[in-house]
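The values are calculated or read from the model by the stated rules, or taken from the named source; none is laboratory data. Please read these numbers as outputs of a predicted model, since none were measured by experiment. Please note: Cβ atoms are built from the backbone with ideal geometry, for glycine as well, and neighbour counts cover all protein chains shown.
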Amino acid sequence: MSKAIQAIRGMNDLLPEQLTLWHRIEHTAESVLAAYGYREIRFPIVEKTELYRRSIGEVTDIVEKEMYTFEDRNGDSLTLRPEGTAGCVRAGIENGLLYNQVQRLWYAGPMFRHERPQKGRYRQFHQIGVEAFGIATPDLDAELILMSARLWRALGIQGLELEINSLGTAAARAAYRQVLVDYLRRHIEELDEDSRRRLDTNPLRVLDSKNPALQELINAAPSLADHLDDESLEHFAQLRDLLDTAGVKYRINPRLVRGLDYYSRTVFEWITRELGAQGAVCAGGRYDGLVEQLGGQATPAAGFALGLERLTELAALQNLSGMEGGPQVYVAVLGNGRVLRTALAQAERLRSEGLRIEFHCGGGSLKSQLKRADRSGARFALMFGENELVKSEATIKDLRRDAPQETVAFDRLMDFFRTRLRASG
């Protein structure tokens, strides 16, 4: 009798009893993302190898050692996708979704990396990815973090900690890179083989080393924060202000650099202490230069990806819940500072009461915001400005019926929406 064929090492079957939990997580994530106005996109699991060389970076571990790359019958070099952002950007450019537009997109599916299989780290793994295009302001960064935090609450996941950092612009990182290389070369004898290799190719990755013997050296290294440009510092300060106002706890980790070359400015990770060395459950940040780098028009962008294998492990004993449908309310904001903070806080409060809300990020005129509100499919536009702030009330426009606008006190908003939405079925 011939020996039974087994699955490829690091590529695991998902059995029916496991998929019950997977489906609950996926459905909950889909509902939470819909509540923020994100729409699903799907793209191939195989792309031209050049896509990842240009996006992830020629000298990263992923491109150098981990990609599943092969030549097809036409002689083209193809690669199984090792991550989702590059493919999403390619699809957006090719299908005309990105130029001079705001897009909020998400996707889910398998990714492939030829790594040493270990708990929480497999050669075929699954991610839910979230990408937003066309918004350069830090309110989008805050929305991504608030959205992920809401997902943990909806799933019942406990104990996740948020770490944030700013990588600044490419020019700021280039200047810092030389300072860091000079420092590391003075301690070349203390570096391990992997860090020495990275010294000439991707020295910022040395800061992300998990080698315990290097931690003292890394902690004493020059800080990237001391070399950031003024615009990036202000962007990061506004993000922290929005997170503080929303009550999101975080830790600034100056050594958080992420493993992909395309990141800029904000980066963040949600980590757990319960999965050993593989503690990052969700990670992301800004990649404002990637669309142009891949042949599109310059377009600001940010996103994150969460690992389903790690998340299901954490959620195995949790009761999950979710919501359904698209946004019911679109929040329009006329102003910054206190107006923006108040609008963000009110939107979060109403989501906590069960409303599905898309929040307008990036500013713009009331007319343009109401156009987007109408396209979102929401029933109501909820508007905040200086006048509303003075009176602690918001202006509400029914987008689906010919009715006069109404003003409602902040503490009566949920009662208003509950009554109107119930009456309309």
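Values as computed for the structure displayed
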read-out: Residue, surrounded by the fewest Cβ atoms within 10 Å (Cβ to Cβ), within the range 290-302, restricted to residues that are within 16 Å of ARG53 (Cα to Cα) and of a type outside the set (Gly, Ala, Ser); value: GLU292
read-out: Qualifying residue in the range 124-134 (condition: in a helix (DSSP H, G or I), surrounded by 15 or more Cβ atoms within 10 Å (Cβ to Cβ), at pLDDT 90 or above and of a type in the set (Phe, Trp, Tyr)); value: no
read-out: Subset of the range 350-369 (residues that are of a type in the set (D, E, K, R) and either assigned to a strand (DSSP E or B) or free of Cβ contacts under 8 Å to residues at least 60 places away in the same chain (or both)); value: GLU358, LYS367
read-out: Failed criterion for VAL63 (all others in (1) surrounded by fewer than 20 Cβ atoms within 10 Å (Cβ to Cβ); (2) among the aliphatic types (A, V, I, L, M); (3) modelled with pLDDT under 90 hold); value: (1)
read-out: Scope the range 383-425; condition among the polar types (S, T, N, Q), over 19 Å from HIS360 (Cβ atoms) and in a helix (DSSP H, G or I); matching residues; value: THR419
read-out: All positions within the range 176-195 that are touching a helix residue (DSSP H, G or I) at 6+ places or on another chain (Cβ under 7 Å) and under 23 Å from ARG53 (Cα atoms); value: ARG177, SER195
read-out: Filter result for ASN74 (within 22 Å of the chain's Cα centre (by Cα), outside the structural domain of GLU193 (by TED's automatic domain parsing) and part of a loop (DSSP other than H, G, I, E, B)); value: no
read-out: Pick from the range 46-58, criterion touching a helix residue (DSSP H, G or I) at 6+ places or on another chain (Cβ under 9 Å) and loosely packed, with under 15 Cβ neighbours inside 10 Å, ranking: nearest to ALA378 (Cα to Cα); value: LYS48
read-out: From the options ALA305, ALA316, residue that is surrounded by fewer than 23 Cβ atoms within 10 Å (Cβ to Cβ), in contact with a Cys (Cβ under 8 Å, 6 or more places away or on another chain) and touching a residue at least 40 places away in the same chain (Cβ under 8 Å); value: ALA305
read-out: Selected residue (only one of GLU115, GLU143 is touching an Asp or Glu at 6+ places or on another chain (Cβ under 7 Å), not β-branched (Val, Ile, Thr) and not in a strand (DSSP E or B)); value: GLU115
read-out: Criterion: of a type in the set (D, E, K, R) and without any contact (Cβ under 8 Å) to a residue 40 or more places away in the chain - qualifying residue of ASP229, ASP241, ASP208, ASP192; value: ASP192
read-out: Of all residues making up the range 270-288, the number that are at pLDDT 90 or above and not in a strand (DSSP E or B); value: 2
read-out: Failed item in (1) part of a strand (DSSP E or B); (2) on the phi > 0 side of the Ramachandran plot, with GLY168 passing the rest; value: (1)
read-out: For ARG42: the one exception among (1) under 19 Å from the mean Cα position of the chain (by Cα); (2) surrounded by 18 or more Cβ atoms within 10 Å (Cβ to Cβ); (3) of a type outside the set (Gly, Ala, Ser); (4) at pLDDT 95 or above; value: (2)
read-out: Conditions (1) at pLDDT 80 or above; (2) of a type outside the set (Gly, Ala, Ser); (3) crowded, with 16+ Cβ neighbours inside 10 Å; (4) part of a loop (DSSP other than H, G, I, E, B): number failed by ASP261; value: (1)
read-out: Number of the exception - GLU30 against (1) in contact with a Leu (Cβ under 8 Å, 6 or more places away or on another chain); (2) among the acidic types (Asp, Glu); (3) within 23 Å of LEU105 (Cβ to Cβ); value: (1)
read-out: The range 61-83, residues that are under 19 Å from VAL291 (Cα atoms) and in contact with an Asp or Glu (Cβ under 8 Å, 6 or more places away or on another chain); value: ARG81, PRO82
read-out: Of residues in the range 235-258 being basic (Lys, Arg) and assigned to a loop (DSSP other than H, G, I, E, B), the one nearest to ILE56 (Cα to Cα); value: ARG258
read-out: Every residue from the range 66-102 that is surrounded by fewer than 19 Cβ atoms within 10 Å (Cβ to Cβ) and among the charged types (D, E, K, R); value: GLU66, GLU71, ASP72, ARG73, ASP76, GLU94
read-out: Qualifying residue in the range 203-212 (condition: outside the structural domain of GLY57 (by TED's automatic domain parsing) and exposed (fewer than 13 other Cβ atoms within 10 Å of the Cβ)); value: yes
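Every residue, every condition in (1) farther than 16 Å from ARG150 by Cα; (2) part of a helix (DSSP H, G or I), yes or no:
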site: LEU233; (1), (2): yes, yes
site: ARG265; (1), (2): yes, no
site: PHE268; (1), (2): no, no
site: ALA302; (1), (2): yes, no
